[in-house]
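**Student:** Please read through the structure below; I'll follow up with questions.
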Amino acid sequence: MIMCGITGYTGVNQAGPILLEGLKRLEYRGYDSAGIAIQSRNEADDMYSIKMLKATGKVSHLVDKFEAEPDFKGVCGIGHTRWATHGIPSDTNAHPHLSADGKFAVVHNGIIENFAEIRSELQKYGIEFKSETDTEVIVQLLAYNYNGNFKKALMKTISRLTGSYAIGVISAEHPGTIFAAKLSSPLLIGVGIGENYFASDITALVSNTKNVIDMDDGEVAEITPDEVKVYDHAGNEIKKEIRQINWDIAAAEKSGYEHFMMKEIMEQPQALKATIEPRIKDEEIVFGEIKDLDMSKFNRVHITACGSAYHAGCVGRGIIEALCRMPVEAEVASELRYRDPIMDGKTLVIVISQSGETADTIAAMKECKEKGATVLAIVNVVGSSIAKLADYCIYTWAGPEIAVATTKGYTTQVAVLAMFAVWAAGQLKTISHGAYASMVIDIMRLPERAQRALDLNSRVKKLADKYYDNQSLFFIGRNMDYAVALEGSLKLKEISYLHSEAYAAGELKHGTIALIEPGRLVVALCCYEKLFDKTVSNIQQVKARGARVLAVAHEGNRSIFQEADDVLLVPQTDPLLAPVIEIIPMQLFAYYVAEKNGCDIDKPKNLAKSVTVE
Ligand code: M6R
């Protein structure tokens, strides 16, 4: 399943509450049903069976079912939150899935592409399927392959699967043992003392342990309370490093804010600090992770990503082109992957992803690598697939981002792109010493300026109260402001469900201006001062047709007050860096408009945090 979450526990404590807690932490990913399975011991004969609980809807429904079942006891189990792909959301289609003989249970993230073929093969042997899911074939095939050796049966089973998976499996015949395996879907093992865990996401582990093993594609883990063994695709035991997570549970919780989105908006000054400070030494930008990247090898840069990460890429295109004087293209990954793009060993491809797991971005980067390009990834989640697949990786170090709508993820991506551009321009000698020094100073001041932009909070809330019932809005801007318009518009539409579009301000007159009517709200981004007068004439054009204009401009800009109905002034910075600051009131605006409209801000409908299928 795509945006699902999986978790598992084996130890000495009751697994039920631990699994349910893990599933609650995975809720942010978006899901429509949930379930858990445990190995349950029968006192009379000391035999084990598998017990399951499933519920359509929220994890809280599953919790209610669990509380009504006092006999649901066991110290080893697996859990799942499902986002329906194959088959409607229902208790039957919810995971875990059980083999027909009741001996095995599985939870699965991903998609088994050849499930139909395996299913009809097994049906010929008389095996009956209960659900409409692709996942059920895993557990039925496993039971079919089982000959007393759990590991062998699992290795044989996964060798038949094509597509993507992160799975956790338990057996009634192997108390205390969980097997977990991965291909193109995230999976981590949590290492404790006398108890061990697995999960698709760090947030499900962090309150229990900070020691994790990052699983790689093709690997299988055998997890018991006292030991974690990892095998390669051939079944040979391999040594894996245990990594310490430096996130604490407070970082993954709301810390008193009503929504993760607001917490993450407010965290931006700190997040930017974490991104920037360790990389500036003696007024120079130092990127340890790309120190051997020779920019003179390249004659062009291609940036690719999805959604907001693509919008960060649009800002990055402007900064890299301006400073490195090199042609830069930015393109959404879902298009690039199928376009047979022209690139070679002289192309540097920059892929951007908060989660590091976005399927289209992964496919695009693989395509570029095959064409000989060098891939540099800008990623937040450490150890994620994109980070591992790239030739070079710069982490944004923004900390966990839980809300579906990205905020600190986006601003830290732009900060990394800006630092990269200055670093690369320094290497290529396309920037003067003075300009380099001044950019470094402005980059270092981003956290403080972001903090000042956040001071607009109550003013933005008032503007949201004024404009929240506009059913259709336009965001306009030129150059860097246009890139910010794209992100401001996406932020608003994804959490408030209002129709909103971003336009390069000069394009309005070529069609869209027909949609401007009295009362329509136009948000005008006006921080790119070189083209301020041009944007002002677009403001005048929409005002002449009755639009109301909310403008965002730099502090000290007095003339904007004569043009717009409402003005938000943000701290002045270098025009190439302005997007980091200018987007902040737009994030707040989207938040308050969504709140006023009664929307589920952290989990907007139809969306998920990490889009791990096409
Ligand atoms: O994890 P990624 O940065 O690769 O995700 C890309 C997009 O799915 C993501 O930015 C999406 O557009 C956000 N919901 C926007 O807030």
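**Student:** Compute the angle between helix 433-444 and the longest alpha-carbon principal axis of the chain, please, reported from 0 to 90 degrees and rounded to the nearest 10.
**Tutor:** The two axes meet at around 60 degrees.
**Student:** Quick one: net charge of A551's neighbours, Cβ under 9 Å, K/R +1, D/E -1?
**Tutor:** Net local charge, A551 excluded: -3.
**Student:** Leaving out ligands and nucleic acids, note down the accessible area per residue over the stretch 460-596 with a 1.4 angstrom probe, in whole Å².
**Tutor:** Per-residue value: 35 Å².
**Student:** Which loop GluC sites (Glu not before Pro) in the stretch 229-335, with loop taken from DSSP, have no more than 13 other Cβ atoms within 10 angstrom of their Cβ?
**Tutor:** Sites meeting the loop and neighbour criteria: E241, E258, E283.
**Student:** In whole percent, and with a 1.4 Å probe on the protein chains, what portion of the accessible area of the chain is carbon and sulfur?
**Tutor:** 49
**Student:** Okay, moving on. Place +1 on the Cβ of every Lys and Arg and -1 on the Cβ of every Asp and Glu in the stretch 260-444, take the dipole about the Cα centre, and give the residue among C306, I441, L323 whose Cα lies farthest towards its positive end.
**Tutor:** L323
**Student:** Rounded, prolate or oblate: which fits the stretch 260-444, taking a ≥ b ≥ c as square roots of the Cα gyration tensor eigenvalues, rounded meaning a/c under 1.5, else prolate when a/b beats b/c?
**Tutor:** Oblate, because a/c is 1.5 or more while a/b does not exceed b/c.
**Student:** Where a Cα-Cα gap under 17 Å defines reach, which aspartates and glutamates qualify for K493, not counting those fewer than 8 residues away within the same chain?
**Tutor:** D465, D469, E501, E595, D600, D602
**Student:** Now a separate question. Treating the angle as unsigned and between 0 and 90°, give the value, to the nearest 10°, between the Cα long axis of helix 115-124 and the longest Cα principal axis of the chain.
**Tutor:** 20
**Student:** Same structure, new question: Run the dipole for the chain about the Cα centre, Lys and Arg Cβ at +1, Asp and Glu Cβ at -1, nothing else charged, and hand back the magnitude in debye, nearest 20.
**Tutor:** 1060
**Student:** Further question: Using DSSP to define loop residues, name the GluC sites (Glu not before Pro) in the stretch 96-180 whose beta-carbon has at most 15 other beta-carbon atoms within 10 Å.
**Tutor:** Hits after loop and neighbour filter: E113, E128, E132, E173.
**Student:** Now for a separate question. 222 nm [θ] for the chain, helices only, -39500 (n - 2.57) per DSSP H run of 4+, per residue, to 500?
**Tutor:** -10500 deg cm²/dmol
**Student:** Continuing with this model, one more query. Order 357-369, 552-564 from most to least packed using the mean count of other Cβ atoms within 10 Å.
**Tutor:** 357-369, 552-564
**Student:** If I fit a long axis through the Cα atoms of helix 480-496 and take the longest principal axis of the Cα atoms of the chain, what angle between them do I get, 0 to 90°, rounded to 10?
**Tutor:** 50
The values are calculated or read from the model by the stated rules, or taken from the named source; none is laboratory data. Note that this is a predicted model, so its numbers are computed, not measured. All Cβ positions, glycine included, derive from the backbone under ideal geometry; neighbour counts span all protein chains shown. These accessible areas exclude ligands, DNA and RNA; they are computed on the full protein's heavy atoms, side chains included. Shrake-Rupley method; radii C 1.70, N 1.55, O 1.52, S 1.80 Å.
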